[in-house]
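Some notes on the structure that comes next.
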Amino acid sequence: MSEIAKTVAPPLPTAAEKLRFYGIWATSLLLLLLLPNIFSSGAALTTFCLIGISIIFSLSYNILLGQTGMLSFGHAVYYGLGGFLVIHAINIIGANKLPIPLPVIPLIGGLTGLSFAALLGWVSTKRSGTAFAMISLGVAELIASSALILRTFFGGEAGISANRTRLFKLLDLSFGPQIQIYYLVAAWTLIAVLAMYALTRTPLGRVCNAVRDNPERVQFVGYNPHVVRYLAFCFSGFFAGIAGALAAINFEIANSAYLGAQQSGTVLFATYIGGIGFFVGPILGAIFVTILSLGLSDLTQVWQLYFGLIFISVVLFAPGGITGVLMMHRPLLKAGTLQKVLPSYLIALVPTLAMIAGLVLAIETIVHYTVNPGDDSHIKAFGIGFDAASPFVWAISVILPIGGYLVARKTWTWVADAWGEATSLAENKGVAS
Amino acid sequence: MTPAIELWGIRKSFGDIAILRDVSFSVAQDERHALIGPNGAGKSTTFNLISGYMKPTSGSVLLHGEVISGLPPYQINRRGLSRSFQVTNVFPNMSVWENLRCAVLWSTGQRYAFWKNIDNLPEVRERTAQILSDINLSGRRDVTAGLLTYAEQRALEIGITVAGGADVILLDEPTAGMSRAETEHAVALIRRLSEGRTLLIVEHDMSVVFGLADRISVMVYGQIVASGTPEEIRGNAKVREAYLGEEAA
């Protein structure tokens, strides 16, 4: 290496940094191995499987949205087709007693996603932006409606099912019990996450970022942005297919919901809420949204409404998502000025929570009178019972949101002030934001 | 010797409006050539036609004797022609280092590689570091390009343009909006980086033009009215009337 590269280029990672890097992956591996020992209930294992699938799916989506700047409304197509093909594959392999064990089956889903992305992507990736978004929506509608029409392949409303335990058994694993499926999903999640992380650190991965930032300029440094977008789309389809395959293996069924707009919307939610600007964003988003959708649906009837409200709040107030908010604090943490903002957070939390509680009360009361007016007015939401007919509840559901907002607004300016002070202190200490 | 760039009877119209009307000129190998003219003369359009950003209505553009008009920008770039933009056109959310590295990738043969670790490519690293120090932004290596000062962004713009090692460089008003000191800095940089390459530059600052160019072409209302050495251009009556006179008035 010449002098110039030594002095000017970013330093190559030191041994300690390398160790830390491999440490993170080793810790993840260990965590995945130990998780079932800590939470061993069937429900917990199912939740973990869903989270793993969602992580792969969201990260695959972020190859498009966060890395290459393509907003897709139809990513579930590649997830769903991966799932359908895998169900068919399991049935064929089982019927013919082919020596293919279940653990390699997700690869079939991946290749399905890849093939369809390669087939459908060339036209849609010609342009990014609105044209790409519209075409993705059109393709999604096309495939989702064919799923209901082409009954022999997609099985109509009921979908198609398979028995995963009837495949060739490797090491005597039947993959009947959920714990075995957990380890299968965990292994594939780790592999897929690693592969997608590696992809960001390749020439193609970096050129994807350049295409996201400025597709016009990319052409003048020798790259065809169409090819870059197309390759990103193919990779994205491949990993989405793996996610769909794991879902199909987990549920032993594939139906039209796999391909639908709801599925495409959920992955957009999860990715965006987690944060599209960082690699870990979609992982956090997948965990958050999976747990939330499982948890909220038990707590309230209109959980999708809250889901939408959360999404809108993130888009409006934290466009960087959960990861963006966390990462904002990194320079403060480094400079040691974090304690300047924490008290203001605590103070702001009280009226903000009061406001949210009031809003929830108002929403649940309105839902009672509009959706099920004939029912008993003693309703339960988020585990708390109250009487929706009581004027006292009505009063609270008006006073809390308004009063809470008025007080909270004051405390938010305190947060902003404390934040400004802490950042300028950090900057003075020479920590770049 | 074949000229680096040749334009033959180039016409460009947008609807009924003719922007370029029969433009022909050539830039010799290793020459520093300035294209000057009043606003709206069609200088930037000429750049857009040479670099493939637009296609001429008629006529042809040749690079090293081969016709390139009609090719997409990336193919023209791969043949060794690179351009900068009048309005800064960098990758705003990427660091200075990543900006330059992306501009180096194709010319080092990485193409669309997804099986190589980008931090493990010594040639890419070497050349990126070289360009970074050439444009004097070593101290700003990890700064997001969108957060650079205007002059720094202009320097990065030039860096991205030359990073791929193209032997024909087109610079569109590289010193526009710069202070006196910044301009001098930029001219020194351009002089250094264009050493041994062909340079075609659009510039309004006459001291820059006359200080830098071996030859000058003057464009007025979509036509080349004169081409020659700086001395010839200074002495040309038509140029004085059409352009330099206007400037002096």
Which of A:GLY403, A:GLY52, A:GLY324 ends up with the largest GNM mean-square fluctuation for chain A, with Cα atoms connected below 10 Å?
A:GLY403
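Please report the relative contact order for the range A:146-218, taking Cα pairs under 8 Å with a sequence separation of at least 6, and give it as a percent rounded to a whole number. Kindly include the intermediate steps, with their values, before the conclusion.
Working: 24 pairs, mean separation 8.0, N = 73.
RCO, the range A:146-218: 11 percent.
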Amide H neighbours of B:PHE25 under 5 Å, at least 5 residues apart or on other chains, H built in the peptide plane: list them.
B:LEU7
Dipole of the protein assembly as shown (Lys/Arg Cβ +1, Asp/Glu Cβ -1, origin at the Cα centre): which of A:TYR306, B:PRO73, A:ALA147 lies farthest to the positive side?
A:ALA147
Out of all DSSP beta bridges with both ends in the protein assembly as shown, state the antiparallel percent to the nearest 5.
60 percent
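Rank the residues A:HIS226, B:HIS33 as a footprinting-exposure proxy: fewest other Cβ atoms within 10 Å of their Cβ go first. Before the final figure, lay out each step's value.
Values: A:HIS226 18, B:HIS33 23.
Final ranking by Cβ density, sparse to dense: A:HIS226, B:HIS33.
Among A:HIS368, A:HIS378, B:HIS64, rank each residue by its count of other Cβ atoms within 10 Å, from fewest to most, as a rough exposure measure. Could you put the intermediate results ahead of the total?
Details: A:HIS368 21, A:HIS378 12, B:HIS64 17.
The order, fewest Cβ neighbours first, is A:HIS378, B:HIS64, A:HIS368.
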Loop-located trypsin sites (Lys or Arg not before Pro) in the range A:1-110 whose Cβ has at most 16 other Cβ within 10 Å (DSSP):
A:LYS97
With charges set only on the Cβ (+1 for Lys and Arg, -1 for Asp and Glu), what does the dipole of the range A:151-269 come to about its Cα centre, in debye to the nearest 20?
200 debye
Can you tell me the length gained on complete extension of the stretch A:ALA395 to A:LEU142, counting 0.36 nm per residue apart and subtracting the Cα distance?
86.2 nm
Derived scalar couplings ³J(HN,Hα) [the range B:125-133; Karplus, 6.51 cos²θ - 1.76 cosθ + 1.60; whole Hz; x for Gly, Pro]:
4, 4, 6, 4, 4, 4, 5, 4, 6
Applied in sequence order to the range B:214-220, the curve 6.51 cos²θ - 1.76 cosθ + 1.60 (Karplus, θ = phi - 60°) yields integer Hz couplings, x standing for Gly and Pro, of 7, 9, 10, 10, 10, 10, 9
Springs between alpha-carbon atoms under 10 Å, Gaussian network over chain A: tell me which of A:ILE135, A:ILE363, A:ILE242 tops the mean-square fluctuations.
A:ILE363
Sequence-distant residues sharing a close amide H with B:LEU170 (under 5 Å, placed H):
B:SER82, B:ARG83, B:SER84, B:LEU200
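Size of the dipole of chain B about the Cα centre, Lys and Arg at +1 and Asp and Glu at -1 on the beta carbon, nothing else charged, in debye to 20? Don't skip to the answer; put the middle values down first.
Numbers: 25 positive and 28 negative charges, 112 e Å.
Dipole size: approximately 540 debye.
Among the listed pairs B:LYS12/B:LYS43; A:LYS97/A:LYS169; A:LYS334/A:LYS429; A:LYS6/B:LYS116, which have their C-alpha atoms separated by more than 19 angstrom in this model? Each step should come with its number before you reach the end.
Values: B:LYS12/B:LYS43 12 Å; A:LYS97/A:LYS169 11 Å; A:LYS334/A:LYS429 10 Å; A:LYS6/B:LYS116 21 Å.
A:LYS6/B:LYS116, as the Cα separations exceed 19 Å there.
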Cross-link reach from A:LYS126 to aspartates and glutamates, straight Cα distance under 12 Å and at least 8 residues apart if same chain, gives none
Can you compute the charge dipole magnitude of the protein assembly as shown about its Cα centre, using +1 on each Lys and Arg Cβ and -1 on each Asp and Glu Cβ, nothing else charged? Give it in debye, rounded to the nearest 20.
1120 debye
Taking a cut-off of 18 Å between Cα atoms, list the lysines near A:LYS410, but don't count ones fewer than 8 places away on the same chain.
A:LYS340
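Taking the range A:375-432, which trypsin sites (Lys or Arg not before Pro) meet the DSSP loop condition and have no more than 14 other C-beta atoms within 10 Å? Spell out each step's value before the answer.
Details: sites: A:LYS380, A:ARG409, A:LYS410, A:LYS429; in loops: A:LYS429.
Of the trypsin sites (Lys or Arg not before Pro), the ones in loops of the range A:375-432 whose Cβ has at most 14 other Cβ atoms within 10 Å are A:LYS429.
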Which of A:CYS208, A:CYS49 comes first, and how do the rest follow, when ranked by fewest Cβ neighbours within 10 Å?
A:CYS49, A:CYS208
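Which of the chymotrypsin sites (Phe, Trp or Tyr not before Pro) across the range A:1-109 are loop residues per DSSP, with 15 or fewer other Cβ within 10 Å? Write down the numbers at each step before the final one.
Working: sites: A:PHE21, A:TYR22, A:TRP25, A:PHE39, A:PHE48, A:PHE57, A:TYR61, A:PHE73, A:TYR78, A:TYR79, A:PHE84; in loops: A:PHE39, A:PHE73.
The qualifying sites are A:PHE39.
How long are the three semi-axes of the equivalent ellipsoid for the protein assembly as shown, computed from the Cα gyration tensor as the root of 5 times each eigenvalue, in whole Å, largest first? The partial results should precede the final answer.
Working: eigenvalues 597, 205, 131 Å².
Those come to 55, 32, 26 Å.
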Running a GNM on chain B with Cα contacts under 10 Å, which residue among B:ASP172, B:ASP134, B:ASP16 ends up with the highest mean-square fluctuation?
B:ASP16
Let me have the 222 nm mean residue ellipticity of chain B computed from DSSP H runs of 4+ only, each contributing -39500 (n - 2.57), with the sum over all residues rounded to the nearest 500.
-9500 deg cm²/dmol
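Any read-out appearing in this document is the output of simple, stated calculations on the displayed coordinates, not a laboratory observation. This is a predicted model, so every value here is computed, not measured. Virtual Cβ from ideal backbone geometry, glycine too; neighbours counted across all protein chains shown.
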